[in-house]
Amino acid sequence: MAEHRSPCPRLPPRFVNSCLYRQWVIVSPELTGLLQACEAMAPAAVLLYVAVWCFISQGIPAIVADTCPALPDVVNADRTGNGTAVGDVVLYQCEPGFTMTGVSNLTCLAGVPPSWDNSPPNCAATCPVEEQRAAGSGVILSPGYPEQYGIDQDCVWVIRGCGGPVTLSFRSFQTEEDYDFLNVYDGSLDTAAVEYSGQLDLKNYTSTTSVLYLQFTSDGSVTDSGFWIDYSSACCSDPGAPLNGNRAGDSFSPGDVVVFSCDDGFELIGESNATCREANSSAGYYWSNPAPVCQPVVVDTCPALPDVANAERTGNGTAVGDVVLYQCEPGFTMTGASSLTCLAGVPPSWDNSTPNCTATCPVEEQRAAGSGVILSPGYPEQYGTDQDCVWVIRGCGGPVTLSFRSFQTEEDYDFLNVYDGR
């Protein structure tokens with residue numbers, strides 16, 4: 001592997017003042033490979049062009065990534081989406097019983113190179129202080145499952161049914177016998193507990209009330225593989241609401257319908273409604289459709305710009321690179337930028353806000369020779385109180401003519417004084 005260092009060649013004139021560059025470092029077997037590093041400070045929109053131009057100018061083919069790196073799968077999670085293009089979204093959802101740490105959706109952002117806006121999340125079985133579980137069905141896992149739970153654990157889960165009993169089904173159970181316990185309370189923590197410890201061939205447990213409290217405690221020494229417990233009640237589980245969206249409907253009994261929607265700027269992927277149904281077998285209750293996903297609407301243009309009062313505009317384009325120009329009508333003064341450019345981004349955006357054109361009250365405004373318009377402050381609205389404005393009109397060596405289109409002031413109190421020659 002050889003390394004070659006050389007000064008970055010002279011940039012084209014349009015970029016001379018656009019970036020401060022020092023040196024390219026090119027590392028490859030034949031000195032004709034990848035750009036490994038460039039100590040550069042440059043506007044993001046310029047850097048990619050500069051990198052490619054420098055390579056081409058030295059006869060070295062450049063490989064510049066235009067996609068985000070592929071994301072890994074997350075243990076104990078399902079994923080939706082595998083795209084790596086700018087604007088693509090990948091969603092992660094923890095499997096039942098596991099809790100997410102981090103962000104569930106990652107978006108590929110434009111850049112040199114493009115990059116994800118967050119790191120992938122983690123999904124782990126936790127030890128909650130008191131976790132509320134919604135009606136329906138779900139999974140309770142010992143902390144750290146499928147690894148062994150830790151010492152000195154004290155975890156509580158509260159399962160609330162749909163007005164009827166809750167059933168626990170034990171898939172596996174192994175704790176340090178007589179030292180680590182799962183206590184099940186029917187109705188409240190004040191009732192007598194059903195105690196589980198050791199390695200047991202467990203049968204289902206069904207409550208007499210619609211609420212179950214599960215408390216797991218471990219001592220400070222030996223641990224074990226823990227447990228996996230399924231729970232169910234006579235209704236569907238809480239379907240939740242999609243990220244960047246909403247759900248209408250809070251009843252999950254058989255026959256109930258919930259409706260999903262997305263926030264502005266997001267589109268719904270999947271079905272917009274789901275019905276709670278009873279399974280034909282012992283599987284319990286289920287939703288007719290899975291909860292949908294709300295993905296950002298991919299926008300590749302800037303929003304349309306409005307007209308500006310008392311101004312004329314040139315251009316109506318909204319594509320990246322388009323320019324819209326505003327020019328105040330005669331007599332009006334501009335506040336803000338006269339030209340707006342649509343810049344690349346996710347989504348694209350204008351580089352400035354639209355300007356304002358108003359009739360002002362200058363301290364002493366110099367008007368050039370030729371023709372023009374003098375307007376009272378705030379025109380066409382009424383002028384304000386306590387105004388003191390001065391305009392100086394300089395002719396072309398000859399006389400200056402004033403033509404009054406309209407004139408209305410408070411008589412004997414508000415005056416326009418005209419001085420000839422000063």
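The values are calculated or read from the model by the stated rules, or taken from the named source; none is laboratory data. Remember, it's a predicted structure, so these values are computed and weren't measured experimentally. Cβ coordinates were reconstructed from backbone atoms using ideal geometry, including for glycine residues, and neighbour counts include every protein chain displayed.
Within the span defined as segment 225-247, one or more residues are surrounded by fewer than 16 Cβ atoms within 10 Å (Cβ to Cβ) and assigned to a strand (DSSP E or B). Remark: VAL103 falls outside the filter, which requires a residue to be assigned to a strand (DSSP E or B) and either surrounded by fewer than 19 Cβ atoms within 10 Å (Cβ to Cβ) or at pLDDT below 95 (or both). Do you know which of the residues in segment 122-136 that are in contact with a Ser or Thr (Cβ under 6 Å, 6 or more places away or on another chain) and at pLDDT 90 or above is farthest from TYR231 (Cα to Cα)? Checked segment 122-136; the qualifying residue farthest from TYR231 (Cα to Cα) is ASN122. Each residue in segment 316-330 was checked for being within 23 Å of GLY345 (Cα to Cα) and either in contact with a His (Cβ under 7 Å, 6 or more places away or on another chain) or loosely packed, with under 14 Cβ neighbours inside 10 Å (or both), and 5 of them qualify. Among the residues of segment 361-372, the ones that are surrounded by 13 or more Cβ atoms within 10 Å (Cβ to Cβ) and assigned to a loop (DSSP other than H, G, I, E, B) come to 2 in all. Inside segment 158-180, residues that are surrounded by fewer than 16 Cβ atoms within 10 Å (Cβ to Cβ) and either part of a loop (DSSP other than H, G, I, E, B) or free of Cβ contacts under 8 Å to residues at least 24 places away in the same chain (or both) make up a count of 4. Among the candidates LEU189, LEU202, LEU212, the residue that is part of a loop (DSSP other than H, G, I, E, B), under 20 Å from ARG160 (Cβ atoms), among the hydrophobic types (A, V, I, L, M, F, W, C) and touching a strand residue (DSSP E or B) at 6+ places or on another chain (Cβ under 7 Å) is uniquely LEU189.
Taking the conditions (1) in contact with a Cys (Cβ under 8 Å, 6 or more places away or on another chain); (2) part of a loop (DSSP other than H, G, I, E, B) in turn, CYS155 satisfies each one other than (2).
Criterion first (outside any loop (DSSP other than H, G, I, E, B), more than 30 Å from GLY265 (Cβ to Cβ), outside the structural domain of PRO114 (by TED's automatic domain parsing) and out of contact with any Leu (no Cβ under 6 Å at 6 or more places or on another chain)) does VAL418 satisfy it? No: the conditions fail for VAL418.
GLN148 meets the conditions (1) surrounded by fewer than 19 Cβ atoms within 10 Å (Cβ to Cβ); (2) within 27 Å of PHE252 (Cβ to Cβ); (3) under 41 Å from the mean Cα position of the chain (by Cα) in every case but one. The failed one is (2).
Is it fair to say TYR196 is farther than 24 Å from MET100 by Cα and either modelled with pLDDT under 95 or surrounded by 14 or more Cβ atoms within 10 Å (Cβ to Cβ) (or both)? Here the answer is yes, as TYR196 does meet what is asked.
Tell me, please, whether a residue that is in the same structural domain as ILE140 (by TED's automatic domain parsing), among the polar types (S, T, N, Q), at pLDDT below 90 and more than 17 Å from PRO128 (Cα to Cα) can be found in segment 215-224. The answer is no; no qualifying residue exists. Screening ARG367, ARG405 for residues that are of a type in the set (D, E, K, R) and in contact with a strand residue (DSSP E or B) (Cβ under 7 Å, 6 or more places away or on another chain) leaves exactly one candidate, ARG367. Here ASP351 meets the list (1) over 41 Å from the mean Cα position of the chain (by Cα); (2) within 30 Å of GLY111 (Cβ to Cβ); (3) among the acidic types (Asp, Glu) almost entirely, failing just condition (1). Applying the set (1) of a type in the set (Val, Ile, Thr); (2) at pLDDT below 95; (3) surrounded by 12 or more Cβ atoms within 10 Å (Cβ to Cβ) to THR354 leaves exactly one unmet item: (2). Look at VAL112 and say whether it is in contact with a Lys or Arg (Cβ under 7 Å, 6 or more places away or on another chain) and either in the same structural domain as PHE216 (by TED's automatic domain parsing) or closer than 30 Å to LEU343 by Cβ (or both). When the stated conditions are applied, VAL112 does not pass them. Kindly establish whether ALA319 is more than 30 Å from VAL390 (Cα to Cα) and within 26 Å of the chain's Cα centre (by Cα). Considered against the rule, which asks whether it is more than 30 Å from VAL390 (Cα to Cα) and within 26 Å of the chain's Cα centre (by Cα), ALA319 comes out as yes. Restricting attention to segment 385-408, the residues that are assigned to a loop (DSSP other than H, G, I, E, B) and touching a residue at least 12 places away in the same chain (Cβ under 8 Å) total 8. The number of residues in segment 82-99 being surrounded by fewer than 17 Cβ atoms within 10 Å (Cβ to Cβ) and either of a type in the set (A, V, I, L, M, F, W, C) or closer than 27 Å to ALA110 by Cβ (or both) comes to 3.
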